[in-house]
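Take a look at the structure set out below.
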Amino acid sequence: MIEPDCEFECPYCGEINNVRLDVTGGSRQAFIQDCAVCCQPINITAQFENEELIELSVERQD
Ligand SMILES: [Zn+2]
């Protein structure tokens, strides 16, 4: 519950990746995670409301 795993699609290769989120880290969190498959850096933005994930967006870094 504190650190839910979330799935998202890599914006480069389309493979499914997992990200571990810290709901106590703030209402808006942005970070970069390398794709586990193609190793490209993915910009991830997570938005929380009352410690629940309401939006997860991923973007290419270019
Ligand atoms: Zn990828």
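Values in this text are rule-based calculations from the coordinates and carry no lab data. Computed from a predicted structure; not experimentally measured. Here the Cβ is made from the backbone with ideal geometry for all residues, glycine too, and neighbour counts use every protein chain on show.
Points to keep in mind about this one:
- If the chain linking E7 and A30 were pulled fully straight, counting 0.36 nm for each residue of separation and taking away their Cα-Cα distance, it would gain 6.7 nm.
- Dmax and Rg, reported as Rg then Dmax, of the chain (C-alpha, Å): 11.4, 34
- Neighbour-count order for T45, T24, fewest beta carbons within 10 angstrom listed first: T24, T45
- Amide H to amide H distances under 5 Å link Y12 with no residue, where only residues 5 or more positions off or on other chains count and H is placed in the peptide plane.
- A simple rule links phi to the HN-Hα coupling: the Karplus curve 6.51 cos²θ - 1.76 cosθ + 1.60 with θ = phi - 60°, which for the range 51-62 gives 6, 10, 5, 10, 8, 10, 10, 10, 9, 5, 9, 8 Hz, with x for Gly and Pro.
- Phi-derived couplings, Karplus 6.51 cos²θ - 1.76 cosθ + 1.60 at θ = phi - 60°, listed residue by residue for the range 23-36: 5, 8, x, x, 7, 9, 10, 10, 7, 10, 10, 6, 4, 5 Hz, with x used for Gly and Pro.
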